[in-house]
Amino acid sequence: MNKLLEIIDLKKQFGGLTAVNDVSFSVAEGEIVALLGPNGSGKTTVLNMISGALTPTAGTIALAGETISNLPPHKIAHKGVSRTFQLVKILPSLTVAENVIAALAFRPNPLWGSAAQDRADMLLADVGLSGRGHEHADDLTYIDQKRMELARALAAEPRLLLLDEWLSGLNPTELRVGIDLIVSLRARGMTIVLVEHIMEAVRALCTRAVVMNIGSKIAEGPTDDVLADPAVIAAYLGD
Ligand code: ADP
């Protein structure tokens, strides 16, 4: 399979603390890979290095064979990496459509005017917010805010989507909806790295999982095997 994302010997030190210690893994085109581990194991730091928010201390990150780990965040976004955040980031005083249109302006070839409006309508339909563009963003329920956030992330037409606990905080019914939305992205061939604590979602969505503990990779493989690995269970129990 074609490797879309390849991470080799990635390291991040904050002063004397090694938050990420020589971590390597790759993600094939169209795959959804879970990045797991107890709190503080370095998952968000890895996502921040992939998106360029943090510069690695050592190691390389390549997207489709091209090194991106020396690029600033906006260039990495233009190469096709998009992410959502643990806490929903919306522009609350704008409408739903305006939130998506604002994201469209950050594309490598920005869309404006009616082209942006049309594209925003399509993106909102893709995430189940058809006809809801005129509503105020801060009036949306939590799951609908998540849908809008996803539409914003998809506005960049990413090749790689980074989801940082995007499903957290949803009730069981909303969780089903959220999982189904990611399934629909998978069906369209989207490549995703998913940081997630909800194991039901990890099992439902991810073919493979990578597990970190205290900055190091401790397991990698098919999701069910990894979740049954005694070293992984011990790491979570020690949390
Ligand atoms: P996870 O996402 O797995 O919970 P993080 O990547 O957030 O873990 O954190 C890994 C380690 O790096 C933790 O010990 C955390 O305190 C530390 N850390 C994360 N970000 C910073 C930062 N900006 N400055 C200093 N230490 C940080």
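Every read-out reported here was derived from the displayed coordinates using simple, explicitly stated rules and does not represent laboratory data. As the structure is a prediction and not an experimental result, all values here were calculated from the model. Here Cβ is always computed from backbone atoms with ideal geometry, including for glycine, and neighbour counts include all displayed protein chains.
Evaluate the distance, in nm, between pseudo-label points positioned 7 Å from the Cα of ASP180 and of TRP112 along their respective Cα→Cβ axes.
3.9
What does the charge add up to near GLY52, with Lys and Arg as +1, Asp and Glu as -1, over the other residues with Cβ less than 14 Å from its Cβ?
+3
Evaluate the Debye formula for the chain with equal point scatterers sitting on the alpha carbons, no solvent, and hand back log10 of I(q)/I(0) at q = 0.10, 0.14, 0.17 Å⁻¹, in q order, two decimals.
-0.46, -0.91, -1.28
Treating the angle as unsigned and between 0 and 90°, give the value, to the nearest 10°, between the Cα long axis of helix 172-187 and the longest Cα principal axis of the chain.
Computed tilt is about 90 degrees.
With springs connecting C-alpha atoms under 10 Å apart, model the chain as a Gaussian network and identify which of GLY189, GLY15, GLY30 has the largest mean-square fluctuation.
GLY15
For segment 91-157, calculate the relative contact order in percent as a whole number, restricting contacts to Cα pairs under 8 Å that are 6 or more residues apart.
Dividing the mean separation by the residue count of segment 91-157 yields 46 percent.
If you count the DSSP beta bridges with both ends in segment 60-194, what percent of them are antiparallel, to the nearest 5? Could you put the intermediate results ahead of the total?
Values: 3 of 11 bridges.
The antiparallel proportion sits near 25 percent.
So, in nm, how far is label MET122 from label ASP225 when the simple model puts each one 7 Å beyond its Cα toward the Cβ?
Distance between label points: 4.0 nm.
Given N residues in segment 91-157, what is its alpha carbon radius of gyration divided by 2.2 N^0.38 Å? Provide the component values of the computation, followed by the final result.
Working: Rg = 10.5 Å, N = 67, 2.2 N^0.38 = 10.9 Å.
The reported ratio for this selection is 0.97.
Provide the packing ranking of 205-216, 225-236, i.e. peptides ordered by the mean count of other C-beta atoms within 10 Å per residue, highest first.
Ranked by mean Cβ neighbours within 10 Å, highest first: 205-216, 225-236.
Output the 0 to 90 degree angle, nearest 10, between the alpha-carbon long axis of helix 113-126 and the longest principal axis computed from the alpha carbons of the chain.
60
Please order PHE25, PHE106 by the number of other Cβ within 10 Å, starting at the fewest.
Details: PHE25 19, PHE106 14.
Going from least to most buried by this count: PHE106, PHE25.
Considering only DSSP beta bridges whose two residues both sit in the chain, what percent are antiparallel, to the nearest 5? Walk me through the intermediate numbers first.
Working: 22 of 39 bridges.
Restricted to the chain, the bridges split so that about 55 percent are antiparallel.
Using the C-alpha atoms of segment 1-129, what convex hull volume per residue, in cubic angstrom, is computed?
Details: hull volume 18.6 nm³, N = 129.
Each residue corresponds to 144 Å³ of Cα convex hull volume.
Can you tell me the relative contact order of the chain? Whole percent, Cα pairs under 8 Å, sequence separation 6 or more. Write down the numbers at each step before the final one.
Details: 461 pairs, mean separation 64.1, N = 239.
Worked out over the chain, it gives 27 percent.
Read phi for every residue in segment 58-74 and hand back ³J(HN,Hα) as whole Hz from Karplus 6.51 cos²θ - 1.76 cosθ + 1.60, θ = phi - 60°, with x for Gly and Pro.
Result, rounded to whole Hz: 7, x, 10, 10, 10, 10, 6, x, 9, 5, 10, 5, 9, 9, x, x, 5.
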